[in-house]
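A.B. asks: The structure under discussion is supplied below as structure tokens; questions concerning it will follow.
We did not get these values from a lab; they are worked out from the coordinates using the rules stated. From a predicted model like this one, the values you see are computed outputs, not experimental measurements. Positions of Cβ are generated from backbone atoms using ideal geometry, with glycine treated the same way; all protein chains shown enter the neighbour counts.
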Amino acid sequence: MNTRQLLISLWTMVVKEVRRFVRIWPQTLVPPSITMTMYFIIFGNLIGSRVGEMHGISYMSYIVPGLIMMSVITNSYSNVASSFFSNKFQRSVEEMMVSPMPNWVILAGFVIGGAARGLGVGLIVTVVSLFFTHLDLHHPFLTLMVVVMTALLFSIGGFINALLAKKFDDISIIPIFVLTPLTYLGGVFYSIDLLPEFWQKVTMVNPILYMVNAFRYGILGISDIPVSGALIAIAAFIVVFWCLALWMLNRGKGIRS
Amino acid sequence: MAEPALSIRGLTKVYGNGFEALKGIDLDVSQGDFFALLGPNGAGKSTTLGIVCSLVQKTAGQVKIFGIDIDRDFAKAKYHLGVVPQEFNFSQFEKVEDIILTQAGYYGMPMKEAKPRCERLLKDLGLWDKRNGAARMLSGGMKRRLMIARALIHRPRLLILDEPTAGVDIELRRSMWEYMRRINEEEGTSIILTTHYLEEAESLCRNIAIINRGEIIKNTSMRGLLTELDTETFLLDLAEPLDAAPQVEGFEVERVDAHQLALSVRKGTDLNDAFQQLTRQGVRVLSMRNRANRLEELFVSMTSPPDAVSGIDSATSTPAKETAS
């Protein structure tokens with residue numbers, strides 16, 4: 001395929017993916033917004049007013065970046081996982097396989113589509129949060145970079161999950177048993193300074209801690225960990241996951257007999 | 001000499017469980033041909049076509065599409081290929097038009113070129129009125145036509161039709177035959193057809209290969225194959241019921257039921273002789289017809305296990321009867 005054809009095929013993939021999650025917006029865009037509104041009301045307003053400040057910032061403002069990031073992570077991941085697995089299940093993945101589209105275009109299409117949903121939901125949650133608190137954007141470029149990189153990373157993760165999945169249950173195991181606990185324990189609701197020293201060290205192996213803190217630094221200007229290290233870690237994970245997903249796709253893992 | 005539309009050499013497929021689905025088959029399909037690939041279920045047809053269109057990984061062998069080796073440049077080879085699979089493989093929730101335009105996009109086709117082509121295909125295949133509806137709302141026959149339109153959107157030179165008329169009513173099946181004939185004759189599209197309706201293969205295809213247990217057991221012209229048929233079986237409807245099959249010298253007669261006989265006639269035998277013998281025995285025949293089409297009889301005899309080849313027994317002919325229209 002020449003460059004123009006590659007761009008057309010990539011655009012087609014992205015449009016198809018975006019059209020899918022927009023078509024089913026009551027399932028994809030509304031629920032995370034409602035869930036996050038509940039978090040803002042319960043943890044931010046009701047409980048947060050008794051917690052007081054964290055690192056000199058109101059508890060409501062402190063949890064907003066983490067909650068936005070939580071929405072981005074879960075929605076990017078689950079969008080690609082469910083979309084690609086549905087394609088496998090309905091066999092419409094064959095439409096792509098019989099076409100001359102290179103595998104990297106297929107992967108990029110799903111990943112960009114998943115990131116689009118993650119970022120879309122993140123934007124909705126950000127707008128909702130403005131009804132509860134005021135946000136100063138300390139480092140706009142860094143904020144954007146971290147959230148986009150995180151969305152891309154978890155979209156790739158969702159793709160790998162869907163490639164390996166054999167039934168619908170398999171695409172909900174990772175979000176429920178891995179992503180959610182790691183996100184909750186990744187400093188969304190608290191500073192790791194509050195943890196005993198041992199648990200602080202354990203927490204440092206949680207990759208989501210780095211993303212949440214880098215994002216929080218971009219918005220609030222505070223972080224529990226060095227932001228440069230977080231950026232390098234996210235970038236490295238993206239490269240490793242991308243190569244793994246592409247290798248699996250080239251081998252036909254989960255899609256070719 | 002023009003490269004074949006499809007050339008297969010020594011194609012082997014061994015699945016992970018050790019099952020050898022293809023045992024080194026060779027096959028050529030000429031450009032412009034309408035080619036039937038037939039075989040019983042599990043014979044290796046879908047595996048062969050799956051390898052050609054990249055849905056199945058081959059174990060060994062070479063596949064060339066219009067001279068392009070799929071191991072060297074599969075992407076280029078895929079431009080020439082359109083695939084209508086056996087099972088529905090589109091998103092049931094997408095709109096009909098979107099499914100076809102998305103497929104065009106996968107081939108890098110600009111929208112201004114894809115839109116009019118899509119409109120023409122949908123109109124030709126009687127789906128234009130359904131273009132804005134979700135694919136799941138279509139009838140079975142419409143879904144099959146949608147897959148044909150999708151496969152043709154990028155103007156492939158080789159179209160693979162894997163049981164395209166399965167579950168389609170007779171009227172619609174015949175209109176689809178007309179359409180396939182048209183794209184083969186007028187547009188020069190080479191077509192490979194697999195089907196369980198052997199009448200379909202006999203009516204449409206010029207050349208034929210029969211695959212059984214992973215091996216090509218016959219690869220010849222349709223006309224050549226049919227001349228090999230040395231026995232035809234006719235069903236005779238009787239005026240009065242019979243308790244047993246009458247003895248007709250020189251013919252094999254089987255009692256189907258009280259009002260019907262099956263008469264096997266070898267090539268070159270005088271059919272009048274059979275009727276004279278029946279008349280002498282007081283058997284009156286009201287009407288007669290072929291038990292199955294000619295290709296079906298050959299197919300069954302070729303693909304039956306060795307111990308069943310002595311004749312087309314009732315067990316092997318039953319499914320053939322069901323599939324004959």
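A.B. asks: In the Gaussian network model of chain A, springs joining C-alpha atoms below 10 Å, which of A:Leu179, A:Leu119, A:Leu152 carries the largest mean-square fluctuation?
C.D. replies: Greatest mean-square fluctuation among the candidates belongs to A:Leu179.
A.B. asks: Enter the per residue convex hull volume of the stretch B:230-290, computed from alpha-carbon coordinates, in Å³ rounded to the nearest integer.
C.D. replies: On the way: hull volume 4.3 nm³, N = 61.
Output value, Cα hull per residue: 70 Å³.
A.B. asks: Hey, another quick one. List the residues whose amide H sits under 5 Å from the amide H of B:Gly82, counting only those 5 or more places along or on another chain, with H placed 1.01 Å from N in the peptide plane.
C.D. replies: For B:Gly82, whose amide H was placed from the backbone, the distant partners under 5 Å are B:Leu158, B:Leu159, B:Ile160.
A.B. asks: Taking the Cβ-Cβ separation of B:Gln247 and B:Asp26 as r and a Förster radius of 45 Å, what is the calculated FRET efficiency to the nearest 0.05? Don't jump to the answer; show the numbers that get you there.
C.D. replies: Values: r = 47 Å, r/R0 = 1.05.
With R0 = 45 Å, the Cβ-Cβ based efficiency is 0.40.
A.B. asks: Jot down the radius of gyration and Dmax of the protein assembly as shown, Cα atoms only, both in angstrom.
C.D. replies: 31.8, 114
A.B. asks: Kindly point out which whole DSSP H helices in chain B project their C-alpha atoms 15 angstrom or further along the helix axis while averaging a Kyte-Doolittle hydropathy of 0.0 or above.
C.D. replies: Values: long enough: B:96-106 (16 Å, 0.54); B:111-124 (19 Å, -1.36); B:140-152 (19 Å, 0.10); B:170-185 (22 Å, -1.15).
Long hydrophobic helices here: B:96-106, B:140-152.
A.B. asks: Would you kindly state how much longer the chain becomes between B:Glu3 and B:Gln57 on full extension, computed as 0.36 nm times their sequence separation minus their alpha carbon distance, in nm to one decimal?
C.D. replies: On the way: separation 54, 0.36 × 54 = 19.44 nm, distance 2.36 nm.
Between B:Glu3 and B:Gln57, full extension yields an extra 17.1 nm.
A.B. asks: In terms of Cα to Cα distance under 23 Å, which lysines are near enough to B:Lys130, apart from those fewer than 8 places away along the same chain?
C.D. replies: A:Lys16, B:Lys95, B:Lys112, B:Lys115, B:Lys143
A.B. asks: Next question, about the same structure. For the residue pair A:Val240 and A:Lys167, what label-to-label distance in nm results when each label sits 7 Å from Cα along the Cα-to-beta-carbon direction?
C.D. replies: 3.1
A.B. asks: Calculate the radius of gyration of the Cα atoms of the stretch A:3-250 to one decimal place, then report Dmax, the largest Cα-Cα distance, as a whole number, both in Å.
C.D. replies: Gyration radius and largest Cα-Cα distance of the stretch A:3-250: 18.4, 60 Å.
A.B. asks: How many Å³ per residue does the convex hull of the Cα positions in the stretch A:72-116 occupy? Kindly include the intermediate steps, with their values, before the conclusion.
C.D. replies: Details: hull volume 2.4 nm³, N = 45.
Here the figure is 54 Å³ per residue.
A.B. asks: Subtract the Cα-Cα distance of B:Arg72 and B:Arg181 from 0.36 nm times their separation in residues, and report this length gain in nm to one decimal. Write out the running numbers ahead of the final one.
C.D. replies: Working: separation 109, 0.36 × 109 = 39.24 nm, distance 3.21 nm.
Taking 0.36 nm per residue and subtracting the Cα distance, the gain is 36.0 nm.
A.B. asks: Next up: Which semi-axis lengths, in whole Å and largest first, follow from the square roots of five times the eigenvalues of the Cα gyration tensor of chain B? All intermediate terms of the calculation are to be shown ahead of the outcome.
C.D. replies: Details: eigenvalues 352, 117, 55 Å².
They are 42, 24, 17 Å, listed from largest to smallest.
A.B. asks: Using r as the Cβ-Cβ distance of A:Asn45 and A:Thr3, and R0 as 60 Å, what FRET efficiency do you calculate, to the nearest 0.05?
C.D. replies: For A:Asn45 and A:Thr3, the calculated efficiency is 0.70.
A.B. asks: Helix-only mean residue ellipticity at 222 nm, chain A, DSSP H runs n ≥ 4 weighted -39,500 (n - 2.57), per residue, nearest 500. What is it? Write out the running numbers ahead of the final one.
C.D. replies: Numbers: 13 runs with 182 residues, N = 257.
Taking each H run of at least 4 residues, the total per residue is -23000 deg cm²/dmol.
A.B. asks: Which of the lysines could a cross-linker span from B:Lys13 if the Cα-Cα distance has to be under 28 Å and same-chain partners fewer than 8 positions apart are dropped?
C.D. replies: A:Lys88, A:Lys166, A:Lys167, A:Lys253, B:Lys23, B:Lys45, B:Lys58, B:Lys64, B:Lys76, B:Lys78, B:Lys218
A.B. asks: Quick check on chain B: helices-only [θ] at 222 nm, where DSSP H runs of length 4 and up contribute -39,500 (n - 2.57) each and the sum goes over total residues. Nearest 500, please. Can you show the working numbers first?
C.D. replies: Numbers: 11 runs with 114 residues, N = 325.
Mean residue ellipticity at 222 nm (helix-derived): -10500 deg cm²/dmol.
A.B. asks: How far apart, in nm, are the 7 Å Cα→Cβ label points at A:Ile222 and B:Thr227?
C.D. replies: Result for the modelled spin labels: 9.3 nm.
A.B. asks: How high is the FRET efficiency from B:Arg289 to B:Ser139, r the C-beta distance, R0 30 Å, rounded to 0.05? Please list the in-between numbers first.
C.D. replies: Details: r = 31 Å, r/R0 = 1.02.
My answer for the efficiency is 0.45.
A.B. asks: DSSP loop (so not H, G, I, E, B), at most 10 other Cβ within 10 Å: list which GluC sites (Glu not before Pro) in the stretch B:210-291 pass both filters. Spell out each step's value before the answer.
C.D. replies: Values: sites: B:Glu215, B:Glu228, B:Glu232, B:Glu249, B:Glu252, B:Glu254; in loops: B:Glu228, B:Glu249.
Here the GluC sites (Glu not before Pro) that fit, given the DSSP loop and packing criteria, are B:Glu249.
A.B. asks: For the stretch B:1-101, compute the orientation-averaged projected area of the C-alpha convex hull (one quarter of its surface), in nm².
C.D. replies: On the way: hull surface 32.7 nm².
That works out to 8.2 nm².
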